[in-house]
Each structure stands twice: as structure tokens, then as C-alpha cells.
Amino acid sequence: MKRPGAAGLITLTLAVLFGAVLAGAGLADPQAWLKGLTHLGVFASDLFPPDLESLPILIRAMAETVRIAYAGTVLGFLLSVPLAYLSTRTLFGPAVSGASRAVVGALRTVPSILFGVVFVVAFGLGEAAGILGVALYTVGYLGKIYYEAFEGVDPEVLEAVRGTGARRLQIFRYALLPEASNTVLGQALFMFEYNIRASAILGFVGAGGIGYYMLGYVQMLQYRHLMTALLVTFVVVMITDRVSRAVRARLGAAA
């Protein structure tokens, strides 16, 4: 009988671990699934039909969510580019790039909702807390994506500019940034799209936007109003997704 190879042993180990986790969570019990699905059915039935009475206020709240996502993404973008520049190992030694990467990594480990809580405490309820929370969350992700894009630039291009006697900032300006421009802009657009969803969640902790109303509807068991809020969010996310994909495709075609 053929003995299982390394890949087979890894697959078997992962399958056993998966089963153990499901069992530990109680999801290996068919009765748990039956009970859960029954409760979900009751909840889903309470969502319909959506109550459109709350639509005007939810549209205004959604506009606030979009403003938070936009301002937070732009601010995060403006902060992430310098951090990515300092994190690029082809420009800086391990002391500078390591310290900058540590900052980016630390920001990436903090959940956006925790940033929201911190800034609600600092600035009070409303858009300011949401914008700052989204901005720092954005820096953690764009910073990493950008310094990896800068380091992925063809070394020959880098050396050609360096050979002219250009300084680090000039190398960044005339070699790394132009070569990675599609990634820089495309990922910023994707982050804006993502931040609309993240901004809705930040509303749960009082950082403004439609999430504030969603939480209130859940707490007051007003599920038909909640469904209206979900539909408004869905429409805006879908529109943003289509626009973002179209712009990214155009950037790719222009490359």
C-alpha cells in the first residue's frame, strides 16, 4: 500500500483540525444546525417587507457614511504613501525601513471598530471619529501594499535613475512612483469601496453613518427598518463596486 506523501499528511491534519474546531463550536451536531436555521428563518421573515418610512433618514445617513469613507480613504492614502516610501528596502536600510514597517504592521493589527471606539472617546460621536478611524485602518493596509509594489519595480529602472546621481526622493518620484502608479491608484479605489462597508460598521460605536441606525433598529427589534437600511447599503456598495471596477479597468488598459 502506498504511503501518503507530505501533501496527503498535511491535508489529513487540516481535515482533522477542521472537524475538531467544528465539534468544539457545537457545529457537528445536526440539532444545533436545525435550531439555528429555524431561528434564522424566523428572523428573515421579520425583515420583510422593508419599511420604507425610514428611507429619507437612511439616505441621509448613507450619504454621511460615504463622506466618512471618502475623507478617511483620502487621508489614509496621504499618510500611507510616505510610510511606504520609508518602508522600501531598495531605498532605505533596515533601521529606517524596519521601523516604518513596524508602524504599518501595528496599524494593520488594530480592528477598524477599535479605532472607532478610540476616536469616539477622543472626539465624541459623529463623522470626525469615523474619518480618523477609517484613515488609520487604511494606512495599515495601503502602506503594506504600496511598499511591496515599490520594491517590485524592475531593478534596471531603479539603477538607471540612480545612475544619473538622483537622490532617494528623486528616485521615488521619477522611478518607483510612476512604475507603480496603476497599483497605487487601483488599490486606493478598492480601499474606498471597502471603507464604505467599514464605515457602516463604525456607526455601531457612534462614529457616524448608517451603522448607528442599524444598531438602533436591532436593539429595538425593528427588523423591517433594518432591512431598508441593508438595502440602501447594498445599492450604494454595488454602485461603488461597478464604478471602481470600471476605473481600475481603464487604468489597466492605459498601462
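Need one word for the chain: rounded, prolate or oblate. Basis is the Cα gyration tensor (sqrt eigenvalues a ≥ b ≥ c); a/c below 1.5 gives rounded, then a/b vs b/c decides.
oblate
Could you state the per residue volume, in Å³, of the convex hull enclosing the Cα atoms of segment 116-255?
Working: hull volume 15.3 nm³, N = 140.
Output value, Cα hull per residue: 109 Å³.
If R0 is 45 Å, what FRET efficiency do you get for Ser45 and Asp154 from their C-beta distance, rounded to 0.05?
On the way: r = 58 Å, r/R0 = 1.29.
E between Ser45 and Asp154, to the nearest 0.05, is 0.20.
With an 8 Å cut-off on Cα pairs and a minimum separation of 6 or more residues, tell me the relative contact order of the chain in percent. Intermediate results must be reported in sequence, preceding the final value.
On the way: 294 pairs, mean separation 66.3, N = 255.
With pairs under 8 Å counted, the relative contact order is 26 percent.
Since every read-out is calculated from the coordinates, none of them should be taken as a lab result. Everything quoted here is computed from the prediction, not taken from an experiment. All Cβ positions, even for glycine, are placed from backbone atoms using ideal geometry, and neighbour counts span all protein chains on display.
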